[in-house]
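*Asks:* Can you keep this structure in mind? I'll have questions shortly.
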Amino acid sequence: MRGALYIFAALIMLLSMPGCLSDQSKDAKKWRITLDPEDKNPYGTYLANQALKYYFPEATFEPLARGFHYDKMDDKMKQNDYGRSLIVFVGLDFNVSEDEWKELKEFANNGNEIIIFSSSLDEKIQIDLACVKVPGNEVQNAFGLPITDNYNRDALFTTDNLFKRYRYHGRSIDGYFSLKIDSSKTNANNSNNENDTDEAKSSYLPYTLGYANIKPDFVKFRIGEGHITLHAAPLVLSNYFLLQPGNIDYLTSIWQTFPKNITKVYTHNYYKRSGEASGLSVLWRYPATKWALLLGIFVLLMYVLFEGKRKQRIIPVIAPLKNDSVSFAETVGRLYYNKGNHANLAGKMTQQFLEWVRLNYFLNTNLLNENFINQLSIRSGQPENTVRGLIDMIHEIKLGDAIIDDAYLYQLYNTIQQFYKNNRI
């Protein structure tokens with residue numbers, strides 16, 4: 001009895017496990033980091049994306065495809081005749097090719113604005129802007145249940161209000177930048193201020209606009225007439241962060257650092273971007289692959305130049321053999337006809353016909369009687385009257401009873417040809 005109870009308890013546990021696992025899987029999926037503008041779960045960016053139109057009411061919005069290559073930006077995108085343009089990049093890992101980074105700097109140099117929310121930044125960008133990105137722990141266990149770090153709760157503040165801290169109880173947002181030069185320590189004015197000194201307006205000069213645990217995490221760089229802004233914690237755009245009391249003010253502080261005359265906003269939610277260029281340029285970046293391709297091209301050219309030549313002469317076209325027997329028969333027939341020997345020609349025509357009957361229908365042609373006529377009609381499928389008329393002409397020729405002139409010879413030829421044409425073979 002006790003053994004049966006153990007078995008029953010084990011079955012109950014096994015049956016309940018799929019439901020528990022299913023609930024846990026659903027909960028984990030709910031808390032997964034997506035940064036998707038259409039995702040209303042905690043770590044989607046639906047609220048931040050919808051709020052853009054309130055911060056930039058005069059602007060038109062255009063989302064960029066995840067696979068968009070920045071080196072494909074046209075002049076219309078770079079030159080905004082009605083104001084400034086803004087590109088908002090949101091994701092975890094931001095990587096670009098050399099050509100893409102060059103185009104993005106040209107976009108900013110034309111007086112436009114770029115902001116990149118990213119936990120991991122391309123090395124070439126860090127070298128060019130002289131800043132080192134120190135990541136937080138927001139990508140840890142990115143597909144699992146939420147991580148609660150108490151030191152996140154008062155981590156963030158901005159330079160426009162140094163005493164206000166933004167509370168948050170979730171995944172880490174403590175990523176920051178290590179800057180070689182920080183102009184905000186010598187010039188507290190915002191980089192958009194027209195009264196900035198020439199030194200403050202120099203290219204690639206950073207301004208710290210916000211901090212995470214007293215370390216810069218919100219930095220703006222002047223690039224020509226525009227700016228490139230970096231933010232170390234993309235999760236500040238998540239629904240979970242913005243729904244915490246007072247945190248919407250942090251989002252307001254971010255967008256208030258941009259000019260008022262922005263009339264075009266491009267959004268690119270890349271999540272994780274490899275930065276690989278399209279086409280052969282990806283393969284061309286790696287020395288080993290580059291030299292392998294060059295060697296392959298060289299070998300192919302050598303083959304085309306030397307081995308591609310013919311190693312033998314062109315084979316002449318040989319005309320098919322002519323049927324000389326047919327030509328011979330036509331020549332002999334024409335000879336007999338021209339000499340007027342119609343009886344001899346008629347005899348040879350009947351002999352050829354009877355030989356054809358023997359070879360194709362296996363009939364004995366020594367006796368051309370009624371039985372022969374019936375057999376030939378059955379096997380050839382020709383009407384009996386047609387067969388009988390042809391056999392009667394053959395009898396007349398053999399017995400010499402027929403007057404064989406041109407008309408008779410023509411009739412005999414046509415009768416035999418019709419028989420050939422309508423037979424079953």
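The values are calculated or read from the model by the stated rules, or taken from the named source; none is laboratory data. Because the structure is predicted, anything quoted here is derived from the model rather than measured. Every residue, glycine as well, gets a Cβ built from its backbone with ideal geometry; the counts of neighbours run over all protein chains shown.
*Asks:* With the requirement that a residue be surrounded by 12 or more Cβ atoms within 10 Å (Cβ to Cβ) and out of contact with any helix residue (DSSP H, G or I) (no Cβ under 8 Å at 6 or more places or on another chain), what does the range 378-410 give you?
*Replies:* Within the range 378-410, ILE378, ASP392, HIS395, GLU396 qualify.
*Asks:* Ok, one more. Say whether the condition of being in a loop (DSSP other than H, G, I, E, B), over 30 Å from PRO245 (Cα atoms) and at pLDDT below 70 is met by at least one residue in the range 132-145.
*Replies:* no
*Asks:* So which residues in the range 74-90 are more than 11 Å from LYS264 (Cβ to Cβ) and either free of Cβ contacts under 8 Å to residues at least 12 places away in the same chain or not assigned by TED's automatic domain parsing to the domain that holds SER119 (or both)?
*Replies:* ASP74, ASP75, listed by residue number.
*Asks:* Something else about it: Suppose we keep only residues that are modelled with pLDDT under 90 and either assigned to a loop (DSSP other than H, G, I, E, B) or within 19 Å of PRO63 (Cβ to Cβ) (or both) within the range 25-41. Which one would you say is farthest from the chain's Cα centre (by Cα)?
*Replies:* The residue in question is TRP31.
*Asks:* Which condition does MET77 not pass, out of (1) outside any loop (DSSP other than H, G, I, E, B); (2) modelled with pLDDT of 90 or more, if it passes all the others?
*Replies:* Only one criterion in (1) outside any loop (DSSP other than H, G, I, E, B); (2) modelled with pLDDT of 90 or more is unmet by MET77, namely (2).
*Asks:* If VAL96 satisfies all but one of (1) among the β-branched types (Val, Ile, Thr); (2) over 26 Å from the mean Cα position of the chain (by Cα); (3) over 17 Å from THR263 (Cα atoms); (4) crowded, with 20+ Cβ neighbours inside 10 Å, what's the number of the condition it fails?
*Replies:* With respect to (1) among the β-branched types (Val, Ile, Thr); (2) over 26 Å from the mean Cα position of the chain (by Cα); (3) over 17 Å from THR263 (Cα atoms); (4) crowded, with 20+ Cβ neighbours inside 10 Å, VAL96 is out only on (2).
For every residue, the table says whether it meets (1) farther than 28 Å from ASP99 by Cβ; (2) at pLDDT 80 or above; (3) part of a loop (DSSP other than H, G, I, E, B).
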position: ASN195; (1), (2), (3): yes, no, yes
position: THR208; (1), (2), (3): yes, yes, no
position: LEU235; (1), (2), (3): yes, yes, no
position: ILE254; (1), (2), (3): yes, yes, no
position: TYR271; (1), (2), (3): no, no, no
position: GLY279; (1), (2), (3): no, no, yes
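*Asks:* Of the conditions (1) assigned to a loop (DSSP other than H, G, I, E, B); (2) at pLDDT 90 or above; (3) of a type in the set (D, E, K, R), LYS220 fails just one. Which one is it?
*Replies:* If we test LYS220 against (1) assigned to a loop (DSSP other than H, G, I, E, B); (2) at pLDDT 90 or above; (3) of a type in the set (D, E, K, R), just (1) comes out false.
*Asks:* Given the condition out of contact with any strand residue (DSSP E or B) (no Cβ under 7 Å at 6 or more places or on another chain) and in a loop (DSSP other than H, G, I, E, B), answer yes or no: does some residue in the range 388-401 qualify?
*Replies:* Yes, some residue in the range 388-401 is out of contact with any strand residue (DSSP E or B) (no Cβ under 7 Å at 6 or more places or on another chain) and in a loop (DSSP other than H, G, I, E, B).
*Asks:* Related question: Yes or no: ALA200 of a type in the set (A, V, I, L, M), modelled with pLDDT under 75, farther than 18 Å from LEU162 by Cα and not in a strand (DSSP E or B)?
*Replies:* Here the answer is yes, as ALA200 does meet what is asked.
*Asks:* Return yes when GLU62 is in a loop (DSSP other than H, G, I, E, B) and out of contact with any helix residue (DSSP H, G or I) (no Cβ under 6 Å at 6 or more places or on another chain) and no when it is not.
*Replies:* no
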